[in-house]
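The values are calculated or read from the model by the stated rules, or taken from the named source; none is laboratory data. Values in this document were obtained by computation on a predicted structure and should not be read as measured data. Here the Cβ positions follow ideal geometry from the backbone for every residue, glycine too, while neighbour counts run over all protein chains shown.
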Amino acid sequence: MTDDELLLDLREMLDQLGIQERVVPEEIRRPMVVTRKRSRLANREEELQRTLNTLEDDVLLPDLLFRLGNLHLREENFSHAMMLYEKSLEEDDRKTQTWINLGLTNLLTDEPREAISCFSSALAIEPENVEALTYLGLAHLEIGELEICKRNLRSAIEQSPNSDRANLAMGLLFEEEGNLPVAVGWLERAIKANPSCVGAYLELGKVHLERGDLDRALDVLERGRKEDPQQKSVLEVLGDLYFKMKDFMKALEYYDMAINLSMDDPELWIKKGDTHAESSSYRQASEAYLKAMNADPGNVEAWTKAGQMQLLLGHMGAALEYFNTALTLDSENSDVAHRRGRIYMAMDRLDDALSDFDLAFSSEPSNPEHLYYRAHVLEKLDRLPEAQRTWEVAMNLYEELGKATRLAECKARIRRIKRRREAKESA
């Protein structure tokens with residue numbers, strides 16, 4: 001096969017796969033099945049990589065690399081998409097859409113400043129490009145520059161009032177500002193502009209859920225699901241909705257559907273575990289948290305919650321190991337340190353418990369619970385002056401928080417310690 005034949009063959013394959021100029025973020029997902037056509041294209045792409053040096057001056061090459069980048073972006077293969085876009089721009093840096101799609105890839109991989117540079121390059125070529133203005137606004141939103149975001153989005157909407165993506169982005173901006181009623185208006189405008197805009201249904205459903213309007217949230221999310229039954233984020237938020245409604249069986253049904261689309265998403269496994277835990281199905285919850293740990297071995301929340309389940313199942317030693325790992329991953333995590341301290345107390349390892357409650361309080365000095373248990377340990381160690389001082393500090397914090405029961409307990413403990421100290425001194 002000659003070089004020209006290879007390029008033409010690749011172009012035809014991309015046409016058959018329906019690879020367009022623009023990539024819709026909600027359509028980005030890993031393929032569940034690799035078709036024969038996709039396998040053939042992968043083989044041709046390998047041939048292209050081997051012959052790139054001899055094709056540098058071919059007029060077909062920049063667009064072909066761009067469209068291959070779109071294919072990989074659509075399949076959630078971000079690093080390969082980025083590489084292809086950059087190669088395409090080396091051949092032709094005046095194609096606006098290549099800069100936009102490279103910027104989108106950076107935005108989706110948590111590189112908003114790189115994305116801003118790409119969208120700015122696109123706008124240097126086409127100053128009124130609505131897509132570039134919209135994504136530039138979202139990149140500024142990502143780094144907290146809300147006024148710059150608003151300015152770019154207004155420019156986009158002035159150019160194209162019926163742009164579903166620009167209206168959706170404006171909804172996200174007002175949602176970030178906490179102005180949920182205005183956010184709802186913009187998101188509804190996005191849906192009116194494009195009734196197939198799944199992203200707008202998703203965000204509108206989330207806003208209704210946040211406002212506690214569960215019926216509206218359910219209606220909107222089901223409409224979004226109807227538009228795209230395989231949209232993981234919509235399924236996940238439907239799970240969140242049913243979890244909030246305490247319909248745990250229904251929540252698990254939706255989390256499972258989302259997990260089937262993304263088996264290596266630790267947050268989904270954690271949500272599934274939380275749902276089982278709320279149903280007191282601790283063994284199933286533990287299994288879900290283990291799946292989250294396998295998907296992301298550095299996920300502190302998964303290790304912590306797995307430890308909590310082991311405690312509820314009566315496996316104190318296993319719980320301790322999980323908490324040890326969690327603290328290795330995040331050495332200043334007050335919640336984990338506190339939980340491990342409680343285990344050490346139960347095991348009568350009082351010095352270890354004291355160290356953990358000290359660590360927890362140093363990381364979270366506004367939480368008197370760490371002092372509450374620290375004082376108990378000091379009493380058990382018969383270090384009464386330190387215990388009394390600790391109870392006194394805890395008492396002041398509980399008083400500030402209005403925790404009457406704990407406050408009364410602190411006062412009683414202080415009186416008791418004073419009597420014990422007086423008895424010792426008179427003996």
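A few notes on this one:
- Looking only at region 172-193, and only at residues there that are touching an Asp or Glu at 6+ places or on another chain (Cβ under 6 Å) and more than 14 Å from residue 217 (Cβ to Cβ), the one that is surrounded by the most Cβ atoms within 10 Å (Cβ to Cβ): 190
- Filtered residue count, region 353-382, keeping only those that are more than 20 Å from residue 397 (Cα to Cα) and surrounded by fewer than 16 Cβ atoms within 10 Å (Cβ to Cβ): 3
- Test: residue in region 173-182 that is touching a residue at least 24 places away in the same chain (Cβ under 8 Å) and among the β-branched types (Val, Ile, Thr): no
- Scanning region 27-57 for residues that are modelled with pLDDT of 80 or more and among the acidic types (Asp, Glu) gives 27, 45, 46, 47.
- Residue 257 vs. criteria surrounded by fewer than 20 Cβ atoms within 10 Å (Cβ to Cβ), hydrophobic (A, V, I, L, M, F, W, C) and touching a Leu at 6+ places or on another chain (Cβ under 6 Å): yes
- Taking region 314-332 as the range and being in contact with a Ser or Thr (Cβ under 7 Å, 6 or more places away or on another chain) and in a loop (DSSP other than H, G, I, E, B) as the test, only 332 passes.
- Breaking point among (1) closer than 23 Å to residue 35 by Cα; (2) out of contact with any helix residue (DSSP H, G or I) (no Cβ under 8 Å at 6 or more places or on another chain), for residue 69: (2)
- Where helices (runs of 4 or more DSSP H) fall wholly inside region 133-218, the ranges with 1 or more residues that are touching a Cys at 6+ places or on another chain (Cβ under 6 Å) are 164-176, 180-193.
- Counting the residues of region 106-142 that are among the small types (Gly, Ala, Ser) and either under 21 Å from the mean Cα position of the chain (by Cα) or at positive phi (or both) gives 3.
- Within region 31-46, residues that are free of Cβ contacts under 8 Å to residues at least 12 places away in the same chain and more than 17 Å from residue 3 (Cβ to Cβ) reach partners that are β-branched (Val, Ile, Thr) and surrounded by 10 or more Cβ atoms within 10 Å (Cβ to Cβ) with beta carbons closer than 9 Å, at six or more positions or on different chains, in the pairs 42/34.
- Members of region 263-289 that are in contact (Cβ under 8 Å) with a residue 12 or more places away in the chain, over 18 Å from residue 221 (Cβ atoms), crowded, with 16+ Cβ neighbours inside 10 Å and of a type in the set (Ser, Thr, Tyr): 282, 286, 289
- Members of region 225-253 that are of a type outside the set (Val, Ile, Thr) and closer than 19 Å to residue 30 by Cα: 225, 227, 228, 229, 230, 231, 232, 233, 235, 236
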